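Novice: Please see the structure below; I have some questions.
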Amino acid sequence: MTTSHVTADVPAQRGTDGETPVLEVRDLHVEFKTREGIVKAVNGVNYSVKAGETLAVLGESGSGKSVTAQAIMGILDSPPGRVAKGEILFKGQDILQLPEAERRKLRGPKMAMIFQDALSALNPVFSVGNQLGEMFRVHQGMSKKDAKAKAIELMDRVKIPAARSRVGDYPHQFSGGMRQRIMIAMALALEPDLIIADEPTTALDVTVQAQVMDLLAELQAEYHMGLILITHDLGVVADVADKIAVMYAGRIVEQAPVHELYKRPAHPYTRGLLDSIPRLDQKGQELYAIKGLPPNLLKPPTGCAFSPRCPKAQDICRTELPPLVPVSEQDGTELVGRVSACHFWKEQIHG
Amino acid sequence: MAEPIKKDEAAVDVTAVEAAIERKVDRGEPILQVRNLVKHFPLTQGILFKKQVGAVKAVDGVSFDLHQGETLGIVGESGCGKSTVAKLLMLLETATAGEVFYKGQDITKLSGRALKAVRRNIQMVFQDPYTSLNPRMTVGDIIGEPFDIHPEVAPKGDRRRKVQELLDVVGLNPEYINRYPHQFSGGQRQRIGIARGLALNPEIIICDEPVSALDVSVQAQVINLMGKLQDEFNLSYIFIAHDLSIVRHISDRVGVMYLGKMAEIGTDEQIYEHPTHPYTQALLSAVPVPDPEARANRERIILTGDVPSPANPPSGCSFRTRCWKAQEKCSQEAPVLAVPERFKGQDTPAAHSSACHFAEEKQIVPVH
Amino acid sequence: MTELTKSDAGAGTAQTAAVPAEAEPAIKRITQWGEIRHRFMANRLAVVGLIIVGLLLFAAAFAPLLAPYDPLHQDLANTLASPGGEHLLGTDALGRDQLSRIIYGARIAVIIGLASIFLACLIGVVIGALAGYFGKAIDSVLMRVADVFFAFPLLIGAIVIIIVMGRGVAPVVISLAVFSWPTVSRLLRSSILSVREADYVLAARALGAGTTRIIVRHIIPNSIAAVMAYAAFSVGSAIVAEAALSFLGVGVSPEVAEWGNMLSAGRDFLGVKDYLWVYPSIAIVLTVLGFVFVGDGLRDALDPKLR
């Protein structure tokens, strides 16, 4: 840590070097069988999260960001989906090798997930208190009464007003923001080491979004959990993430500490995303737009998947798949935690 | 379901309306004037014999002007009534009260031929490109439908060419004319929807969240297209969205809605740099800024609680339940949308319409 | 900008090949029906169903040419002949040729099955469309009427109608239709209710489209699919119901060559001359399966979202 040449207040460096990450994904491949052929949704993803760290996975629809999360949680729709290759190490142990019964025991006490649509993720026929309490009854064998008390305590934790009187209410009786809080409470119930939040605030209004993101960040710090935040919103990421992995067509194309990524992207896709955000000084001008359409995963382009849309693509980009390589300063000093999958990352980052 | 039919149909002189809407409006002059628009959806009980037990006040007295050639952005959170305003302006819903003047003619009372003539000039782009195109019609039939309904716009033999021209204008291959909507991606479908809206050569296009269903990298393409078309066809836009940065990029003026009412309206600079309504200030401060450096040096106002139900809005100012400035007066007296007393006659950007008893400036958006 | 969007369109051809049609090199007109047929034919079970239904229709149409004997001719010297030899499927207690009776039975099955469902759809579509499109009081009244017919037990209702009208093909068709239209109208109504709120209907209204245009171009094409699939599906169940009525002695006259009648006659020889009921049963089961497969295939093929 002391050798780090990045200023100490950069949160990405918070975890101590050498510490085993809570989660490490290695060379993960996920495929889906469809009528038209095999869709390669995830093609060799690597990332890791340490305790207390927030990794944001940024990508558009079809980039494979949610599928990766489902594979980690073991809730992949299979068939048609299946993990074709790779390892998912949870505290050093490859959970893909575990029997299903063992994996089920991980979900809840060890890792939990928060979904975008809380209304459909909660069961409409059971009260909120019942669903919260179920976590304790099933996993810890608590009595009904104790479980209910725990449920109320949790609802208090996530700042739901009048928790005691609302514990018997059903999901539809809560507003969108409150339902998302209940989802968070459920995920937190057994104090897992890892939380995966898949677009947790996308369905919420801006003013409520801020409340929920703040709550999530606060609780994460308190419980010292690893958090994987899956999103398409560059704004949300900037506010809470320590490091960012940008996904495109089932691969990570760039990974960097949050400040660095915004300041000096090392991949043209990241650059394009950042440039297409409307800015004050560009008012009245045309917005920068990444041309073309997201790739079709049935027939991904040869070479770099982004090459058909890339303004800087050369011949090599269309024939050779660029590997994910470490990124360094102009003088050769390594930029810790930075990688890019672009043949021309040097030109991209150093101009 | 049926077209809004007004009883005093005979009272409207069709030829007078047709003459009025033929008139050209100069750039910058008001083309659409909305006055005290109200839409209450009745809440009923009972199966056979329905009795009204209340009303959802979706839109509750909204007034604004749209000037020729400009883009008026309307922002607000879900349930604030912005989409209902769009439907009222499109005459897809019947207003409970209030008027919409198009070139001086109140169009809420129109029916039959006069209504059809007005429809030619006001068109709409929908939010969801997956549900706004009939899945059983080809692209050619979808974009050509306006010509079937208004045959005077394009003679029969000319239609195929016209449709192909429109496809070209929105950046799609004109040879796609025989394909079905499901064969296109979201962004391409939205272009088809825009082409349909353009077919009749309208003067006003009402866009209800036109890019919010699209991928980030595709949003910019569609926004640029809309900007280009505005210049090319001299269009006036009402741009309804919840994404504040996109609204700022495309709008000349912006209105902020809360719970069926307009909270604040002004030029984009007035609203974004000098907001005086606490709701606008909170909304702007809550927007996640895609710049980690900026998060340190900006103040964030985090509102507590949720938006109250429009079926049972608070007395007085509807924002007072979440407002940190609320006082006794706010619960008794609904503030009117006007230039606040303290800024009246001053040459300051804060002197714009704001519906707050205690309007004051607050710097929210960090300067990039 | 123009250049930029053009390349978008170009990229579309190259990349969005998630759709079969996109993969085709040349742009050719793919008609709606062409696509539906293509999807239907890609479904193996649906094709099997179609073959069964085709054979049934063929047998019904050319019964006099196909049947080796007159189905009503009683060969009293040759009663209860076992299958094989002169009578491929044997003869019944009155010496009538079983095979010929089964072939002629297809006629009754087809006529009653198609006619009753056609009639049921006619009533059901009109009532369902009225209820779905106009809603409010009209909807409430029509749906309560539908509930009454829906709740009435088919057999008892049919017996009442047949007592009033006498036995024959027409009373059977009418009684089946009268008690199966409520399902059709409910299906159509619910599908219209969702379609008429669709954005594309709003878009058409915003363009100034009239009620007729909206119903014909937008609502019917998008809501009729469910009814078509159900109709194909229920021809099978109508045939079963018709056979059941005849079996109970309230269907067509007992001497007519009809599968239910044959079952009824075979009942007396249960365990002795099983071929008397086995072959007509096979005919009924195959027919029902055929229509079920066709209905399933149609439902999938008609859904524009399933590709």
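Novice: With charges set only on the Cβ (+1 for Lys and Arg, -1 for Asp and Glu), what does the dipole of the stretch C:41-132 come to about its Cα centre, in debye to the nearest 20?
Specialist: Working: 4 positive and 5 negative charges, 77 e Å.
Computed about the Cα centre, the dipole is about 380 debye.
Novice: Using Cα atoms only, what is the angle between the long axis of helix A:128-140 and the major principal axis of chain A, expressed in degrees (0 to 90) to the nearest 10?
Specialist: 90
Novice: With Rg and the Kirkwood Rh both taken from Cα atoms, where does Rg over Rh land for the stretch A:120-191?
Specialist: Details: Rg = 10.8 Å, Rh = 11.7 Å.
Looking at the stretch A:120-191, the ratio lands at 0.92.
Novice: Projected onto the charge dipole of the stretch A:120-191 (+1 at Lys/Arg Cβ, -1 at Asp/Glu Cβ, origin at the Cα centre), which of A:ALA185, A:ALA162, A:HIS139 gives the Cα projection farthest towards the positive end?
Specialist: Highest projection toward the positive end goes to A:ALA162.
Novice: Something else: Extension gain C:ILE163-C:ILE282, at 0.36 nm per residue separation less the Cα-Cα distance, in nm?
Specialist: 39.8 nm
Novice: Something else about it: Calculate I(q)/I(0) for the stretch B:270-354 by the Debye formula, one identical point scatterer on each C-alpha and no solvent, and give its log10 at q = 0.17, 0.21, 0.22 Å⁻¹ to two decimals.
Specialist: -0.85, -1.11, -1.16
Novice: Considering the options C:SER116, C:VAL216, C:ILE103, tell which one lies farthest towards the positive end of the dipole of chain C, charges being +1 on Lys and Arg and -1 on Asp and Glu at the Cβ, about the Cα centre.
Specialist: Looking along the dipole axis, the top candidate is C:VAL216.
Novice: If you average 1/r across every pair of different Cα atoms in chain A and take the reciprocal, what Kirkwood value do you get, in Å? Present the calculation step by step, with values, prior to reporting the outcome.
Specialist: Details: mean 1/r = 0.0465 Å⁻¹.
About 21.5 Å for chain A.
Novice: Could you list the residues of the stretch C:178-197 with an amide nitrogen less than 15 Å from a label point located 7 Å from the Cα of C:LEU248 in the Cα-to-C-beta direction?
Specialist: Inside the label zone: C:178-180.
Novice: Which three extents, in angstrom, do the Cα atoms of the stretch A:177-282 have along their principal axes, listed largest first?
Specialist: Sorted from largest, the Cα extents of the stretch A:177-282 read 42, 28, 24 Å.
Novice: How many angstrom lie between the C-alpha centres of the stretch B:92-167 and the stretch A:233-274?
Specialist: Here the answer is 42 Å between Cα centres.
Novice: Something else about it: Need one number: buried accessible surface between chains A and B, 1.4 Å probe, both sides summed, DNA, RNA and ligands left out, in Å² to 100.
Specialist: Numbers: alone 17370 and 18230 Å², together 32000 Å².
Buried area (both sides, nearest 100 Å²): 3600 Å².
Novice: Same structure again: Counting only protein heavy atoms, what percent of the accessible surface of the stretch C:225-307 is carbon or sulfur at a 1.4 Å probe?
Specialist: Details: 2360 of 3370 Å².
Carbon and sulfur together cover 70 percent of it.
Novice: Calculate the mean, over all residues of peptide C:204-217, of how many other protein chain Cβ atoms lie within 10 angstrom of the residue's Cβ. Each step should come with its number before you reach the end.
Specialist: Numbers: counts 6, 8, 14, 15, 13, 8, 4, 3, 0, 3, 2, 1, 0, 6.
What the average comes to for C:204-217 is 6.
Novice: Could you work out what % of the accessible surface of the stretch B:270-354 is carbon and sulfur, using a 1.4 angstrom probe and leaving DNA, RNA and ligands out of the count?
Specialist: Of the solvent-accessible surface of the stretch B:270-354, carbon and sulfur hold 48 percent.
Novice: With a cut-off of at most 11 other beta carbons within 10 Å, and DSSP calling the residue loop, which GluC sites (Glu not before Pro) in the stretch B:251-317 qualify? Please list them.
Specialist: Hits after loop and neighbour filter: B:GLU299.
Novice: Let me ask something else about it. For C:SER190 and C:HIS38, compute 0.36 nm times the residue count separating them, minus their Cα-Cα distance, and round to one decimal in nm. Walk me through the intermediate numbers first.
Specialist: Details: separation 152, 0.36 × 152 = 54.72 nm, distance 2.78 nm.
The C:SER190-C:HIS38 span can extend by a further 51.9 nm.
Novice: Hey, another quick one. Where both residues lie in the protein assembly as shown, what percent of DSSP beta bridges are antiparallel, nearest 5?
Specialist: On the way: 62 of 99 bridges.
Beta bridges within the protein assembly as shown, antiparallel portion: roughly 65 percent.
Novice: Continuing with this model, one more query. Quick one: putting +1 on the C-beta of Lys and Arg, -1 on the C-beta of Asp and Glu, what dipole do you get for the protein assembly as shown around its Cα centre, in Debye to the nearest 20? Don't skip to the answer; put the middle values down first.
Specialist: Values: 105 positive and 110 negative charges, 376 e Å.
Dipole size: approximately 1800 debye.
Novice: Another question about this same structure. To the nearest 20 debye, what charge dipole does the stretch A:120-191 have about its Cα centre, counting +1 at the Cβ of each Lys and Arg and -1 at the Cβ of each Asp and Glu?
Specialist: Computed charge dipole of the stretch A:120-191: roughly 140 debye.
Novice: Among B:PHE126, B:ALA154, B:THR108, flag the residue with its Cα farthest along the positive direction of the charge dipole of the protein assembly as shown, charges on Cβ as +1 for Lys/Arg and -1 for Asp/Glu.
Specialist: So the residue we want is B:THR108.
Novice: For the protein assembly as shown, evaluate the Debye formula with one uniform point scatterer on each Cα (no solvent term) and list log10 I(q)/I(0) at q = 0.06 Å⁻¹, rounded to two decimals.
Specialist: Here log10 of I(q) over I(0) equals -0.58.
Novice: Could you tell me what a quarter of the Cα convex hull surface of chain C works out to, in nm² with one decimal place?
Specialist: Its average projected convex-hull area is 21.9 nm².
Novice: Still on this structure, please answer the following. Only sites in a loop by DSSP and with at most 13 other Cβ atoms within 10 Å count here; which GluC sites (Glu not before Pro) in the stretch B:302-368 make the cut? Before the final figure, lay out the partial values.
Specialist: Numbers: sites: B:GLU328, B:GLU333, B:GLU341, B:GLU360, B:GLU361; in loops: B:GLU333, B:GLU360, B:GLU361.
Counting only loop positions with at most 13 other Cβ atoms within 10 Å, the GluC sites (Glu not before Pro) in the stretch B:302-368 are B:GLU333.
Novice: Which order do the peptides B:310-320, A:154-164, A:136-146 come out in when sorted by mean C-beta neighbours inside 10 angstrom, highest first? Kindly include the intermediate steps, with their values, before the conclusion.
Specialist: On the way: B:310-320: 19.5, A:154-164: 17.2, A:136-146: 13.5.
Packing order, densest peptide first, comes out as B:310-320, A:154-164, A:136-146.
Novice: Take peptides B:145-154, C:240-249 and line them up by average Cβ neighbours within 10 Å, highest first, as a rough protection proxy.
Specialist: Working: B:145-154: 18.0, C:240-249: 21.3.
Going by the mean number of other Cβ atoms within 10 Å, highest first, we get C:240-249, B:145-154.
Novice: Leaving out ligands, DNA and RNA, calculate the buried accessible area for the pair C and A with a 1.4 Å probe, summed over both sides, in Å² to the nearest 100.
Specialist: Answer for the C-A pair: about 1100 Å² buried.
Novice: For the stretch A:120-191, with all protein chains present and a 1.4 Å probe, just round the carbon and sulfur fraction of the accessible area to a whole percent.
Specialist: Details: 1770 of 3540 Å².
Reported share for carbon and sulfur atoms: 50 percent.
Novice: Determine the distance separating the Cα centre of the stretch A:194-223 from the Cα centre of the stretch C:231-263; give it in Å without decimals.
Specialist: Each part reduced to its Cα centre gives a spacing of 64 Å.
Novice: Let me ask you something else. Starting from the Cα gyration tensor of chain B, take the square roots of the eigenvalues, sort them a ≥ b ≥ c, and report rounded, prolate or oblate (rounded when a/c is under 1.5, otherwise prolate if a/b is larger than b/c, else oblate). Walk me through the numbers before you get to the answer.
Specialist: On the way: a/c = 1.73, a/b = 1.36, b/c = 1.28.
Prolate is the answer for chain B, as a/c is 1.5 or above and a/b outweighs b/c.
Novice: When the Karplus curve 6.51 cos²θ - 1.76 cosθ + 1.60 is applied with θ = phi - 60°, which whole-Hz ³J(HN,Hα) does each residue of the stretch C:275-284 get, with x for Gly and Pro?
Specialist: Taking θ as phi minus 60°, the curve returns 4, 5, 9, 5, 5, x, 4, 4, 4, 5 Hz for the stretch C:275-284.
Novice: Counting only other chains, what is the mean number of Cβ atoms within 10 angstrom of the Cβ of each residue in peptide B:282-290? All intermediate terms of the calculation are to be shown ahead of the outcome.
Specialist: Working: counts 3, 4, 1, 3, 8, 5, 14, 5, 12.
Other-chain Cβ atoms within 10 Å of each residue's Cβ, averaged: 6.
Novice: Across the residues of A:291-304, average count of Cβ atoms on other protein chains within 10 Å?
Specialist: Values: counts 11, 14, 17, 9, 4, 9, 1, 5, 6, 1, 3, 0, 0, 0.
Shielding by partners across A:291-304 averages 6.
Novice: Beyond 29 Å between alpha-carbons counts as too far, so tell me which of A:LYS105/A:LYS148; B:LYS39/B:LYS103; B:LYS109/B:LYS156; A:LYS50/A:LYS85 fall in that bin. Present the calculation step by step, with values, prior to reporting the outcome.
Specialist: Working: A:LYS105/A:LYS148 22 Å; B:LYS39/B:LYS103 22 Å; B:LYS109/B:LYS156 32 Å; A:LYS50/A:LYS85 23 Å.
Violating the 29 Å limit, Cα to Cα: B:LYS109/B:LYS156.
Novice: Please compute the per residue accessible area over the protein assembly as shown with all protein chains in place, 1.4 Å probe, rounded to a whole number of Å².
Specialist: Working: 43460 Å² over 1026 residues.
Solvent-accessible surface per residue comes out at 42 Å².
Novice: What total accessible area, in Å², is buried where chains C and B meet, using a 1.4 Å probe and rounding to the nearest 100? If you can, show how the numbers build up before the last one.
Specialist: Working: alone 16810 and 18230 Å², together 30620 Å².
Accessible area lost upon association: around 4400 Å².
Novice: Then there is this: Aspartates and glutamates within cross-link reach of B:LYS82: Cα-Cα under 14 Å, excluding same-chain residues under 8 positions apart?
Specialist: The qualifying aspartates and glutamates are A:ASP205, B:ASP60, B:GLU93, B:ASP208, B:GLU209, B:ASP243, B:GLU264.
The values are calculated or read from the model by the stated rules, or taken from the named source; none is laboratory data. Owing to the predicted nature of the structure, the values given are computational and were not obtained by experimental measurement. Cβ: placed from backbone, ideal geometry, glycine included. Neighbour counts: every protein chain shown. To get the accessible areas, we keep the full protein, side chains included, count just its heavy atoms, and leave off ligands, DNA and RNA. Shrake-Rupley method; radii C 1.70, N 1.55, O 1.52, S 1.80 Å.
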